[in-house]
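Contents: one structure, followed by commentary.
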Amino acid sequence: MLKIGIILGSTREGRVSPQVGTWVKEVAEKRRDAGYEIIDIADFKLPLLGEPGGDASGVAAWSEKVGACDGFVFIVAEYNHSITGALKNALDYLRVEWNNKAAGIVSYGSVGGARAAEHLRGILGELLVADVRVHPALSLFTDFENGSVFKPKEVQADSVHQMLDQLVPWATALKTIRS
């Protein structure tokens with residue numbers, strides 16, 4: 001069975017990515033077409049890449065966790081028209097662990113996180129991750145109460161299913177070239 005990691009791309013205090021990730025996992029698990037696991041980059045405590053004196057003891061576990069996945073769903077917050085620094089740092093720590101895998105993106109922000117998703121697509125391409133076209137975009141104004149309590153519109157679950165309808169076959173196909 002495919003292993004799909006749902007990567008929480010924010011580490012900020014008060015972040016909403018755990019709410020979004022849990023919801024995506026609940027929607028995905030109803031499908032029974034893959035194993036889905038939430039992967040919180042905050043759990044790995046990755047220091048800034050290249051900074052001297054940082055505790056990089058979580059890097060080996062991060063490498064193992066990402067390497068074991070066949071594909072990913074990135075939960076992406078838009079900060080200043082892009083992805084979070086923590087997500088970029090976590091992506092940069094690894095190389096071959098990302099290669100020849102598929103990814104979907106679920107973003108959120110004032111304009112649904114669309115700009116962050118577009119920036120992430122460019123980074124994923126460089127890491128040889130094939131991202132799928134369907135992209136659930138959650139608005140802080142219509143899918144969250146007071147910008148902090150996640151209450152997605154019903155149509156958003158349909159969008160997640162459409163994304164997974166693309167992600168699962170791509171992850172399956174790419175697994176054949178990694179074997």
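The values are calculated or read from the model by the stated rules, or taken from the named source; none is laboratory data. This structure is a prediction, so every number in the text was calculated from the model and none was measured. With ideal geometry, Cβ positions are generated from the backbone for all residues, glycine too; neighbour counts draw on all protein chains shown. What goes into the accessible areas is simple: the full protein's heavy atoms, side chains included, and nothing from ligands, DNA or RNA. Shrake-Rupley method; radii C 1.70, N 1.55, O 1.52, S 1.80 Å.
Remarks
- With all pairs of different C-alpha atoms in the average, the Kirkwood value for the hydrodynamic radius of the range 1-79 is 13.6 Å.
- Accessible area per residue (1.4 Å probe, heavy atoms of protein chains only) ranks Tyr108, Tyr79 as Tyr79, Tyr108, with the largest value leading.
- Bridge orientation summary for the chain: considering DSSP beta bridges with both residues in this region, about 10 percent are antiparallel.
- Looking at the range 126-179, the chymotrypsin sites (Phe, Trp or Tyr not before Pro) that sit in a DSSP loop and have at most 13 other Cβ atoms within 10 Å of their own Cβ are Phe141.
- Each pair of Cα atoms in the range 28-179 enters the Kirkwood radius, and Stokes-Einstein at 20 °C and 1.002 mPa s then converts it into a translational diffusion coefficient of 132 µm²/s.
- Positive end of the dipole of the chain (Cβ unit charges, origin at the Cα centre): among Tyr79, Pro52, Trp62, the Cα lying farthest that way belongs to Trp62.
- Mean sequence separation of contacting Cα pairs (under 8 Å, at least six apart), scaled by the length of the range 121-179, corresponds to a relative contact order of 32 percent.
- Relative contact order [Cα under 8 Å, 6+ residues apart], the chain, whole percent: 23
- Rounded, prolate or oblate (a/c below 1.5 giving rounded, otherwise prolate when a/b exceeds b/c) for the range 33-108 by Cα gyration tensor: oblate
- List Glu29, Glu118, ordered by accessible area with a 1.4 Å probe, largest first: Glu118, Glu29
- Which listed pairs, of Lys30/Lys153; Lys151/Lys175; Lys153/Lys175, have C-alpha distances above 27 Å, in listed order: Lys151/Lys175; Lys153/Lys175
- Centroid-to-centroid separation of the range 113-166 and the range 18-64 [C-alpha atoms, Å]: 17
- Estimated dipole of the range 115-179 in Debye, rounded to 20 [Cβ of Lys and Arg +1, of Asp and Glu -1, Cα centre]: 220
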